[in-house]
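Colleague: First the structure, then my questions, so here it is.
The values are calculated or read from the model by the stated rules, or taken from the named source; none is laboratory data. Source: prediction; values computed, not measured. With ideal geometry, Cβ positions are generated from the backbone for all residues, glycine too; neighbour counts draw on all protein chains shown. In case anyone asks, the SASA skips ligands and DNA or RNA and just uses the protein heavy atoms, side chains included. Shrake-Rupley method; radii C 1.70, N 1.55, O 1.52, S 1.80 Å.
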Amino acid sequence: MNIILLGPPGSGKGTQSKYLEDNFGLKQLSSGDMLRAAVANGTEVGKLAKSYMESGQLVPDEVVMGVVFETLENFPADKPGFILDGFPRTNQQAEELDAFLTKHGKTIGAVILVDVPDDLLVKRIAGRFTCGSCGEVYNDFFRLPKIENTCDRCGGTAFKRRSDDKPETVKERLEVYHTQTKPLVDFYKAQGKLKTVNGDAPIETVTRQMNDILGAAG
């Protein structure tokens, strides 16, 4: 079973990917991790990607696809399938992915969209902060320390926030996501592969939805 996970930043895709890895034996393949691995391994396409990354340029689509396809060509035979996260990002990438998989006798079994309202995503991302000592994660709206300005886990009193988690920055990222993802949603809906889960639900409920989808598709 090979699946694609679609979802905005803060939707909980990482949590669900971990569940799918642990319970179905699938391997998560994120576009960022694949790029870094190709660079670290010094593959031909990795060297090409490195030249762009070191000069601060965006890695072109064709290089990203080369890294993804190289990874899939060397995918472990003992794994029952993969989870693609962060790829494809465009319809052209989706079409080329389909062609590549067909050539290798594989297919995408399901495309799962983790759907979460934008206003909740802004709260999830812009509201989060971490303990500067142990990294414990908190949120202004959903999880504050039990004792004000004191970490529940280690008792630390220094907290930090990511500079790119400001509300206005988060909203811009979500706009980009929606612009990129809507064509993909329509693409996979036309193929009959798109499934949607309610990412606003409790984690356990989202996990059950994922389980139902994979059970029906597998």
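Colleague: List pairs: first residue in the stretch 1-18 and under 19 Å from Val137 (Cα atoms), second residue in a helix (DSSP H, G or I) anywhere in the structure, Cβ distance under 6 angstrom, at least six positions apart or on different chains.
Modeller: Pro9/Arg173; Gly10/Leu121; Gly10/Arg124; Gly10/Ile125; Gln16/Met210
Colleague: Go through the stretch 163-177 residue by residue and tally those that are in contact (Cβ under 8 Å) with a residue 12 or more places away in the chain and either open to solvent by 80 Å² or more (accessible area, probe 1.4 Å) or part of a strand (DSSP E or B) (or both).
Modeller: So the answer is 2.
Colleague: Spot the failing condition for Ala40; the list is (1) assigned to a helix (DSSP H, G or I); (2) touching a helix residue (DSSP H, G or I) at 6+ places or on another chain (Cβ under 6 Å); (3) of a type outside the set (Phe, Trp, Tyr); (4) at pLDDT 90 or above, and only one is missed.
Modeller: That leaves (2) as the condition not met.
Colleague: Taking into account only those residues within the stretch 12-37 that are over 20 Å from Lys79 (Cα atoms) and small (Gly, Ala, Ser), which is modelled with the highest pLDDT?
Modeller: Gly12
Colleague: Another question about this same structure. Restricting to the stretch 188-208, name every residue that is assigned to a helix (DSSP H, G or I) and open to solvent by less than 50 Å² (accessible area, probe 1.4 Å).
Modeller: Tyr188, Thr205, Val206, Thr207
Colleague: Yes or no: the stretch 108-118 includes at least one residue that is modelled with pLDDT of 95 or more, open to solvent by less than 40 Å² (accessible area, probe 1.4 Å) and more than 24 Å from Pro8 (Cβ to Cβ).
Modeller: Checked the stretch 108-118: no residue is modelled with pLDDT of 95 or more, open to solvent by less than 40 Å² (accessible area, probe 1.4 Å) and more than 24 Å from Pro8 (Cβ to Cβ).
Colleague: Ok, one more. Say whether the condition of being assigned to a loop (DSSP other than H, G, I, E, B), open to solvent by less than 30 Å² (accessible area, probe 1.4 Å) and small (Gly, Ala, Ser) is met by at least one residue in the stretch 55-76.
Modeller: no
Colleague: Give me the pairs: first residue in the stretch 134-145 and on the phi < 0 side of the Ramachandran plot, second residue part of a loop (DSSP other than H, G, I, E, B) and open to solvent by 40 Å² or more (accessible area, probe 1.4 Å), beta-carbon distance under 7 Å, and six or more apart or on different chains, which are they?
Modeller: Note: pairs meeting the criteria are Cys134/Arg153; Cys134/Cys154; Glu136/Asp152; Glu136/Arg153; Tyr138/Leu144; Pro145/Asp152.
Colleague: Another question, then. Within the stretch 1-33, count every residue that is open to solvent by less than 10 Å² (accessible area, probe 1.4 Å) and assigned to a helix (DSSP H, G or I).
Modeller: So the answer is 3.
So that you can scan it fast, the table gives a plain yes or no per residue for (1) free of Cβ contacts under 8 Å to residues at least 40 places away in the same chain; (2) not aromatic (Phe, Trp, Tyr):
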site: Tyr52; (1), (2): yes, no
site: Leu58; (1), (2): yes, yes
site: Glu96; (1), (2): yes, yes
site: Leu101; (1), (2): no, yes
site: Asp118; (1), (2): no, yes
site: Cys131; (1), (2): yes, yes
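Colleague: Tally the residues that are more than 21 Å from Gly10 (Cα to Cα) and open to solvent by 10 Å² or more (accessible area, probe 1.4 Å), restricting the search to the stretch 77-92.
Modeller: Looking only at that region, the number is 6.
Colleague: Limited to the stretch 126-153, what total is found for residues that are in a loop (DSSP other than H, G, I, E, B), loosely packed, with under 12 Cβ neighbours inside 10 Å and not basic (Lys, Arg)?
Modeller: 3
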